[in-house]
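Worksheet: the structure to be examined is printed underneath.
The values are calculated or read from the model by the stated rules, or taken from the named source; none is laboratory data. These figures come from a predicted structure and were not determined experimentally. Backbone-built Cβ (ideal geometry, glycine too); neighbour counts: all protein chains shown.
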């Protein structure tokens, strides 16, 4: 007698109530655990919480909530104790068994398809990937085609792919193999013969919330039902029989297949019933039909909720429940209230905007529903890995008053486990160049940084060392040679580390020690981070070298555990992450050991295996753990929530469209009951629709971020909109215009803060940005309006400050008076050796060479010295570049010799002019003249520095000529008749510039003043100033300066003040300067 009982309802809460009634009566002793078979950890979590709430406590562990495969194998092992704990035909173990068998078999006849795949030669990685694909395929065969495998074992084969039968017979071996299909036959024989002892089985089994089971699983449960009570709880979206309904597309296909002469279409009854149920419910329809046709239930319990139509969402659910289509004979078009918020579809520009809009929508729901809690909301996303960072960025970045608690479930281990990500990056070193950023990226992982004994502050210091010592890529010369390039050590890690260590030991130096140039900016307090960093780098490079070796899987597991011990020391903060990582390494050893695979394999195979395992090992810990639940849109997730959100519903993303292998025999000859990922996704969408209790929100990327063009949503969303448009209406207007909300690209768009726009925002920051933007568009204002008060030290001026001020008045004002310091954007670490120098690098090299030639240092002609710094290209290219640059520097130095006086004494300056005290020291640098030089184009700031120093010398009684020498030009300024008056004018402007922003920009102002000096009109002069301000091709303009952009804030840079200051400051200089011959 069968004890199989079927319980159906359109509400999971009702099914739970029925389950609770059953488990309230113990099946055996009070300590006998209940067995509730589920298909997801999310369902297990929901049931555990509900059962604990119902009974006060629910202490069953995870073993009481097995997945179907695990439960069935456990039943097999109870009856057949000789079976192993894990089958040798499980995909993880079977992969290694196939890898061992295939190389020998592939040379036999009939293996044409695999031989073509491996035609390029023996590639272990390709072998592993092929074996993995075949292992998954054979696993599907054991569940959905056991009779085919049995025929293969008896000598049969497939006409199209005979090699699969040969491979399977090798794997199955002699006798009756222990795969699920074969063990199923044995189990069914025992069950039919009565050879099953009652005490070997669980007292009672419940199957909850699984929308579909393969025939194999049903056969096991049906056999068990003769010995134990089996309760099957199924969510049924309709209380009517819907086993024969078909979608419109399927109806057309059947009519086409059945067309023949004399056929009358009306003879074929093809009912659609409810179009959503017909289109989306194919998986459930086929399963229900299979149950009713093949199983005899002892009892059938159905309890369906009464239909309600008080909102669009409830009306859609009611139509599915009643199996009706609108408009129809018994269901006219339903008028929806204009204020009905139950269904909303949001078209956005990007995943980030989706999350920003969702945050505002949830705040609005909380505002309108005082009893709504965060744990009443679920957000399901097809690609949770892609959306995970955007979720965290938006929901963690809000202030306390707008913070919504949340948890993210189902992310792969690599996406949420920083230790796992760093570990895989270590394993990727042999496939890369060991670039500067690549090595430091591993060190940035908190677990690695902690293990190295370093802090985040130390990391910033190390990054500066790497940049300044010229480290680019490559461990050393030998490592570069292994990668097919010449064996040079310049710009390698070895060269940089040697410079750091020698610099710490010997201090800075201007000579090579055994070919190494010491780098000394390592201070005494930085000895610890230096030692820790060098120790980390040496261990990392040693591991990188060992990763090239071949090892067996067991040896790889031992080695990888050693790597974990080296770079990931035990810590309370990372204990869970590291244990999960070690568990994956242990599984590598266990699976390969179970397959007795001992062949040596390269790192690529191990890395691929671990990467795949870490990506698939998603955790459901965040599911129903408090706050809004973000999770993957996976089958078996039909858990009811007051608010259900489906995000990322983009075209081509959902439903999934997997591409089966060309040799997949299930895909080639499908049968009813076969697994279909696309059908599962369609049914999941239907389950989400009927599981939403009050609100259904859907979002997708529906507008291009580039040009704003429309993008279609998922085909399932389109089908839902079609049903709504046909069956529902507003009293006035078009319903879809209310349901589908097209959002703006920017969160601070004015529409979000305007009345009656249909858009809203809870973001105070975006509201402030909108106000600032609109006010700025009306009347741009610079940073400072009214002048500041004079400070006590304004009239006390150093020579250096006066020069610094006129080189960049705006920066000086922001820094000294407002305390504003704009950090320079740190450029990413360069991972390419300097094959050629850009403009800035060439300028720095030439100035260093000029200084060395002027000082007559020995290394001024030594190519090795500059190559040791890492500033030259390697090899002959660097030697040629150095020879050219050194020659130019020497010529420039020789040009300066007629004016230069290295022994000229420094002058102490102490002047009182116009109420200002000017003090400091001044180095004339010339022989009976003031000398200033720059190997480059002479800019406005250079002229002003020479002019200021020229006037100071005159006021001190040392009037002399000033010579300013550039790369392609030079100027002479004769001794002034009066140095006091122009210097007092400059000091007065200095004082004014300490109170307000002066519209004086040295380069643009010089361009303007030069044209005025030549007799050009002000408009012509302004044209030259604009060119200097905007720059040209590959030449940045003065207006690109961050300090100027920050201070001016879109205000016009050129006005009367600009014209006045340019002439007043530069005219006295331009009137007296003379061009050098």
So which of 941, 925 ends up being at pLDDT 90 or above and more than 15 Å from residue 983 (Cα to Cα)?
941
Between 476, 376, which is closer than 29 Å to residue 655 by Cα, surrounded by 15 or more Cβ atoms within 10 Å (Cβ to Cβ), over 16 Å from the mean Cα position of the chain (by Cα) and at pLDDT 90 or above?
376
Criterion first (under 20 Å from residue 801 (Cβ atoms), in contact (Cβ under 8 Å) with a residue 24 or more places away in the chain, buried (at least 16 other Cβ atoms within 10 Å of the Cβ) and out of contact with any strand residue (DSSP E or B) (no Cβ under 7 Å at 6 or more places or on another chain)) does residue 913 satisfy it?
yes
Identify, from the list 122, 40, the residue that is touching a residue at least 12 places away in the same chain (Cβ under 8 Å), exposed (fewer than 15 other Cβ atoms within 10 Å of the Cβ) and closer than 30 Å to residue 664 by Cα.
122
How many residues are surrounded by 19 or more Cβ atoms within 10 Å (Cβ to Cβ) and either closer than 15 Å to residue 578 by Cα or under 17 Å from the mean Cα position of the chain (by Cα) (or both) if we restrict to the range 436-459?
6
Any residue in the range 196-218 that is part of a helix (DSSP H, G or I), closer than 20 Å to residue 18 by Cα and in contact with a strand residue (DSSP E or B) (Cβ under 9 Å, 6 or more places away or on another chain)?
no
Selected residue (criterion: surrounded by the most Cβ atoms within 10 Å (Cβ to Cβ)) from residues of the range 814-842 that are part of a helix (DSSP H, G or I) and under 38 Å from the mean Cα position of the chain (by Cα):
814
Listed residues 900, 811; which is touching a residue at least 12 places away in the same chain (Cβ under 8 Å), within 38 Å of the chain's Cα centre (by Cα), farther than 30 Å from residue 476 by Cα and crowded, with 18+ Cβ neighbours inside 10 Å?
811
All-but-one check, residue 582 against (1) under 30 Å from residue 474 (Cβ atoms); (2) touching a helix residue (DSSP H, G or I) at 6+ places or on another chain (Cβ under 9 Å), failing number (1)
Identity of the residue in the range 229-260, surrounded by fewer than 17 Cβ atoms within 10 Å (Cβ to Cβ) and within 30 Å of residue 21 (Cα to Cα), that ends up modelled with the lowest pLDDT:
243
Filter result for residue 920 (part of a loop (DSSP other than H, G, I, E, B) and assigned by TED's automatic domain parsing to the domain that holds residue 795)
no
Residue match in the range 169-183 (condition: buried (at least 16 other Cβ atoms within 10 Å of the Cβ) and in a strand (DSSP E or B)):
no
In this structure, does residue 889 turn out to be in contact (Cβ under 8 Å) with a residue 12 or more places away in the chain, under 27 Å from residue 817 (Cα atoms) and assigned by TED's automatic domain parsing to the domain that holds residue 787?
no
Filter the range 342-357 down to the residues that are out of contact with any helix residue (DSSP H, G or I) (no Cβ under 8 Å at 6 or more places or on another chain) and closer than 20 Å to residue 718 by Cα and list them by number.
347, 349, 350
The conditions are (1) surrounded by 15 or more Cβ atoms within 10 Å (Cβ to Cβ); (2) touching a residue at least 60 places away in the same chain (Cβ under 8 Å), and residue 149 fails exactly one of them. Which is it?
(2)
Kindly indicate the residue of the range 961-982 that is in a loop (DSSP other than H, G, I, E, B) and farther than 27 Å from residue 796 by Cβ and also farthest from the chain's Cα centre (by Cα) among those meeting that condition.
977
Search the range 869-880 for residues that are within 17 Å of residue 480 (Cα to Cα) and pair each with any residue that is modelled with pLDDT of 85 or more and surrounded by fewer than 19 Cβ atoms within 10 Å (Cβ to Cβ) when their beta-carbon atoms are under 8 Å apart and the residues are at least 6 apart or on different chains.
874/486; 874/488; 875/486; 875/488
Give the residues of the range 845-861 that are in contact (Cβ under 8 Å) with a residue 40 or more places away in the chain and under 21 Å from residue 835 (Cβ atoms), sorted by residue number.
845, 846, 849
The range 196-213, subset touching a residue at least 12 places away in the same chain (Cβ under 8 Å) and surrounded by fewer than 18 Cβ atoms within 10 Å (Cβ to Cβ), residue farthest from residue 634 (Cα to Cα):
198
Filter result for residue 16 (over 41 Å from the mean Cα position of the chain (by Cα) and either at pLDDT 90 or above or in a loop (DSSP other than H, G, I, E, B) (or both)):
no
Among 878, 819, which is on the phi < 0 side of the Ramachandran plot and modelled with pLDDT of 85 or more?
878
Restricted to the range 1009-1034 and to residues being in contact with a helix residue (DSSP H, G or I) (Cβ under 9 Å, 6 or more places away or on another chain) and at pLDDT below 90, the residue farthest from residue 944 (Cα to Cα) is 1034
Selected residue (only one of 590, 604 is in a helix (DSSP H, G or I), under 30 Å from residue 430 (Cβ atoms), in the same structural domain as residue 542 (by TED's automatic domain parsing) and in contact with a helix residue (DSSP H, G or I) (Cβ under 6 Å, 6 or more places away or on another chain)):
604
Across the range 531-559, which residue is surrounded by the fewest Cβ atoms within 10 Å (Cβ to Cβ) among those that are over 19 Å from residue 474 (Cα atoms) and in contact (Cβ under 8 Å) with a residue 60 or more places away in the chain?
532
Just to check your reading of the model, which residue among 1025, 985 is in contact (Cβ under 8 Å) with a residue 40 or more places away in the chain and either surrounded by fewer than 14 Cβ atoms within 10 Å (Cβ to Cβ) or in a helix (DSSP H, G or I) (or both)?
985
